[in-house]
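Readers should treat all values here as calculations from the given coordinates under stated rules, not as data from a laboratory. These figures come from a predicted structure and were not determined experimentally. Reconstructed Cβ throughout: ideal geometry from the backbone, glycine too, with neighbour counts over all protein chains shown.
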Amino acid sequence: MFLGLSNLERLHLHSNGIDQINGAWFSNMGDLGTLDMGSNHITKLEADTFTRSNLQNLQTLDLSNNFIEYIARQALRGFPALSWLDLSRNRLSGMDNSFSHLSKLSVLNLSLNQWKCTCPLQELAVFLRNFIKNPNRTLTNSRGLVCEIAESAEVQTVLQLTGTNCASQYRNTTVMVIKGSGRNYVRDVVLAGILCFAGNVHPARPVALITELGILPLSTS
């Protein structure tokens, strides 16, 4: 697509209505240092999106203000020199940690997305907390990493997500007691009541007790 531009150092494709990226467009751009694809209609970055590109010297990548909902873990593997990455103002609600291999990354912007702060996002949260501990790295507009959905009231931003608060502390369980006779039936009713309030019991243990005593779970939410 960009034949004869092998010496190009900056390429601005901002606001061009692009809805997908073909890595072959950049197969002859080994000197490219800045690529601006902001304000387009891009929806995803697959693992092979940039595999046919030659962007070994790319330092700045702007993908802000698109419609990106999905980024594969391997999507950014072809950028060994990348130091500045803007993915703000997209539609990301969750993603794997796709940044650990970017050893030269110093500025990252993930703000103003649609983050769903649940346990699958914890890996990214850990990376970001470690990222900002480095004085040579900047997480731009970290206050903009607001959770649109969170299962715990104490989690307001992605950076607050941990292994202990990534899900609700209490799980609501509906149980049905199979009517038996005498003492066992009374025992099962009492145990069912206890389980309904013991939301912080390890989830595997109530299931085992329910199975042993003939109490069948109807639903868990």
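Seen from H14, the other residues with C-beta closer than 15 Å to its C-beta sum to a net charge of -2, counting Lys and Arg as +1 and Asp and Glu as -1. Computed from label points 7 Å out along Cα-Cβ, the spacing between N22 and K116 is 3.2 nm.
Under 15 Å from the Cα of K104, which aspartates and glutamates turn up, not counting those fewer than eight places away in the same chain? K104 reaches D86. Spread over its residues, the convex hull of the C-alpha atoms of segment 10-168 is 94 Å³ per residue. For segment 80-97, putting each phi into the Karplus relation 6.51 cos²θ - 1.76 cosθ + 1.60 with θ = phi - 60° gives couplings of x, 9, 5, 10, 9, 9, 10, 10, 6, 6, 10, 10, 5, 10, x, 6, 6, 6 Hz, in residue order, rounded to whole numbers and with x for Gly and Pro.
Figure legend: label point modelled 7 angstrom from the Cα of S103 along Cα→Cβ; residues of segment 46-73 with amide N under 15 Å from it are 57.
The stretch between D31 and E151, if pulled fully straight at 0.36 nm per residue, gains 38.6 nm over its current Cα-Cα span.
Calculated FRET efficiency, V126 to F67, Cβ-Cβ distance, R0 = 25 Å: about 0.40 to the nearest 0.05.
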